[in-house]
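Below: the structure, in structure tokens.
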Amino acid sequence: MPWKESNYNIHVELRRGRRLLYNSLSRSTCILEPADLELLSRATSGDLSDSAEDRSGLDQLAQQGFVYPREVDELSVVKNLYQQTRFNPGSIALTICPTLACNFGCDYCFQGKEKSTELMSEEVQDGIVALFRRSLAETPQVNLVQFMWYGGEPLLKRNVIYALSERLTAICHEKGLTYTASMVSNGHRLNREVAERMYALGLRQVQITLDGPQEHHDRRRHLLNGKGSYGQIVSNMSEWIDAVPIQVNLRVNIDERNRNDITRLIDDLAERGFAGKPNFKMYFAPVESVTRGCHSISEKMLKKMDYGRLEADLYRYGFDRKLSDIPYPPHFLGICNALRPKDFIVVPCGSIHKCWDTVSFADKKIGSVFDLDRLFGGSHPQQQKWDQFDPFTNETCRACKILPNCASFCAHKFIHAADTVGEATLPCPSLKYSIKEKLVLTAEKSGHITRDDYDADAIRTNPKELCTEEFDKEKYVRRYQ
Amino acid sequence: MQIVVGSTIGPAPQVVALQAVCGAVAKPTGACAVVGTGAGACGAVATGDGACGAVAGGASACVAVVKGGGACGAVATSGGVCGGVAGGAGVCAPVVGGAGACGAVAGAGGICGAVAGGAGACGGAISGTGACAAAASAGACGAAACAAVVGVCGVVACVAFPIGGNW
């Protein structure tokens, strides 16, 4: 049978003629010896013998997805897997913003500086309960429900969270479902008492952000009165991290201003005893001017290449100090709640959104808890933009070697392309600028290679080897205006 | 070839045009791959050191077994049941694309990976000294190691926080 090398193979040169080979579709990574590479070459040129050795080698390459029969259309395989994941009817997610107000005044906030202080009325809370019941009725295959508390700062309105948690939990029990929730919080009010109460009400994960060592964090993520917040957040987490099994995903937003000092944050957290805690992990993200609420910081954004390389270095540093996981490339980063047809976000006035980036912008709502027939009919033009978004129609993405990892990464940057500026315009993820470094990190930290096995310059990711940098923003502005 | 992380989607498929029940057996050291494109049952067994892969395209049961030291992969692309067993020091990776149950077992020092792409249950176990990873993108996940998007992975379920915005 004629074989071809997978379109999704990514080669990383090691010393002594060896190579790290990763496939973004199978997500396999292997170390190929020179003899394996010679076999790969012969397999794809049709020069294999009938020997048991060749057959065995080919079997291994095929098993890991590095070679395919020539007649197989790999793009169809990716698309099939993508659609099964995106349209899987077994789970739904409901994100609730008890308030859009916030006690912080971060200059880069994508929700803008003037935030709504509207309260969530009893009628809207009733509407959320009705929305959840309708969602379950519309998707009877559901066996997993994900609730997320979001804002603004959700803990400013704890009474709403407490009341809705109990009502939604009761429905889950009635339907034989397990209630669990996640939350995005700035952490300032998440002390032990609140953490214990939230855990009792089903909270299992929380994202909290620290933007570097104290002087950076307090300059960027201060209270509305200008007072710093680092000490209170760290003190809060220290109070309960060993006592309450809520998973903390600590996010670090990075731009030109704090890029050089993130390692000091990692050191500080290690010194404070967070290293190795099973329920504490750090991850990193670039600050981006992704909505019209944060155009003012567009000059502060890091270039994608600079951020990608920095991120890979930080994961290495964080892993060595037992504060972050190895960032092994996942499947389909781009499948978020916005693209899953029955996942919704409700804001205090009762409006429904698809994307977390749009909740402060009323013109981007897709419906209301007070008109569920229209919502589930899917007729709102804003809703149809999300439902019809297809990463496989973009030529750059179709030809990209990390399409199975990325899946166009962020649909918001296509659908609301008019709102992005500068480095935030290109939808590509940091993975495109750091995948080789992350693969080497995986192999090294799992003990398969050592630092002596590679040259740091030779394993640098060249994004142009993966796909082009072409993104016609104006085309998407016209399409979705 | 040294496997650092095993495939999570099974082997490159060889399509066999069978609509209902699909089974294949390979002799020692041979390769065995079967695909059931309909909703039938699909099973494949390699009795020797060969590679064995099975794919059921519909909502059926899919089982692949390698008794020797080969590679074993099974994929049920819909809401089926999927189990893969490598009896020796092989590599074993089953995947359920939909909401089914997914289990993988590597009997000795092999590598074992299991993924339930949807809201299914996912369990991976290894009795020897090899690596074991299981991930459920939304469902229940039980294994020695669990990896998910943006480092968010719980013992009970893996839920990825959205990546955009400046939270």
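The values are calculated or read from the model by the stated rules, or taken from the named source; none is laboratory data. Given the structure is predicted, the values throughout are model-derived calculations rather than measurements. A quick note on method: Cβ atoms are made from the backbone with ideal geometry, for glycine too, and the neighbour counts reach across all protein chains shown.
Side notes on the structure shown:
- Filtering region A:57-67 to residues that are facing chain B (nearest Cβ under 7 Å) and either surrounded by fewer than 20 Cβ atoms within 10 Å (Cβ to Cβ) or at pLDDT 85 or above (or both) leaves A:65, A:67.
- Hits in region A:23-56 (condition: within 8 Å of another protein chain (Cβ to nearest Cβ), in contact with a helix residue (DSSP H, G or I) (Cβ under 9 Å, 6 or more places away or on another chain) and outside any loop (DSSP other than H, G, I, E, B)): A:23, A:28, A:29, A:30, A:31, A:32, A:36
- Residue in region A:330-343 that is touching a residue at least 12 places away in the same chain (Cβ under 8 Å) and among the β-branched types (Val, Ile, Thr) present: yes
- Qualifying positions in region A:355-369 - closer than 20 Å to residue A:289 by Cβ and of a type in the set (Gly, Ala, Ser): A:360
- Hey, residue A:442 more than 20 Å from residue A:354 (Cα to Cα), outside any loop (DSSP other than H, G, I, E, B) and β-branched (Val, Ile, Thr) or not: yes
- Selection status of residue A:291, at pLDDT below 95 and either under 19 Å from the mean Cα position of the chain (by Cα) or among the hydrophobic types (A, V, I, L, M, F, W, C) (or both): yes
- Options A:25, A:21; residue that is within 17 Å of residue A:449 (Cβ to Cβ) and touching a His at 6+ places or on another chain (Cβ under 9 Å): A:21
- Leading residue by the ranking (farthest from residue A:162 (Cα to Cα)) among those in region A:74-101 that are more than 11 Å from chain B (Cβ to nearest Cβ) and touching a helix residue (DSSP H, G or I) at 6+ places or on another chain (Cβ under 9 Å): A:75
- Residue satisfying condition, being surrounded by fewer than 19 Cβ atoms within 10 Å (Cβ to Cβ) and hydroxyl-bearing (Ser, Thr, Tyr), within set A:324, A:379, A:360: A:379
- Subset of region A:10-22 that is within 25 Å of the chain's Cα centre (by Cα) and facing chain B (nearest Cβ under 9 Å) - its residue that is surrounded by the most Cβ atoms within 10 Å (Cβ to Cβ): A:22
- Some residue of region A:400-414 being surrounded by fewer than 17 Cβ atoms within 10 Å (Cβ to Cβ), away from chain B (no Cβ under 12 Å) and charged (D, E, K, R): no
- Residues that are farther than 20 Å from residue A:147 by Cα and polar (S, T, N, Q) were ranked within region A:102-122; the one that is farthest from the other protein chains (Cβ to nearest Cβ) is A:117.
- Considering region A:113-135, the residues that are closer than 20 Å to residue A:188 by Cα and surrounded by 16 or more Cβ atoms within 10 Å (Cβ to Cβ) include one that is modelled with the lowest pLDDT, namely A:115.
Yes or no, residue by residue, for (1) of a type in the set (A, V, I, L, M); (2) modelled with pLDDT under 95; (3) surrounded by fewer than 21 Cβ atoms within 10 Å (Cβ to Cβ):
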| site | (1), (2), (3) |
| --- | --- |
| A:367 | no, no, no |
| A:427 | no, yes, no |
| A:443 | yes, yes, no |
| A:461 | no, no, no |
| A:478 | no, yes, yes |
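- Scanning region A:214-251 for residues that are away from chain B (no Cβ under 11 Å) and touching a Ser or Thr at 6+ places or on another chain (Cβ under 9 Å) turns up A:217, A:218, A:222, A:223, A:233.
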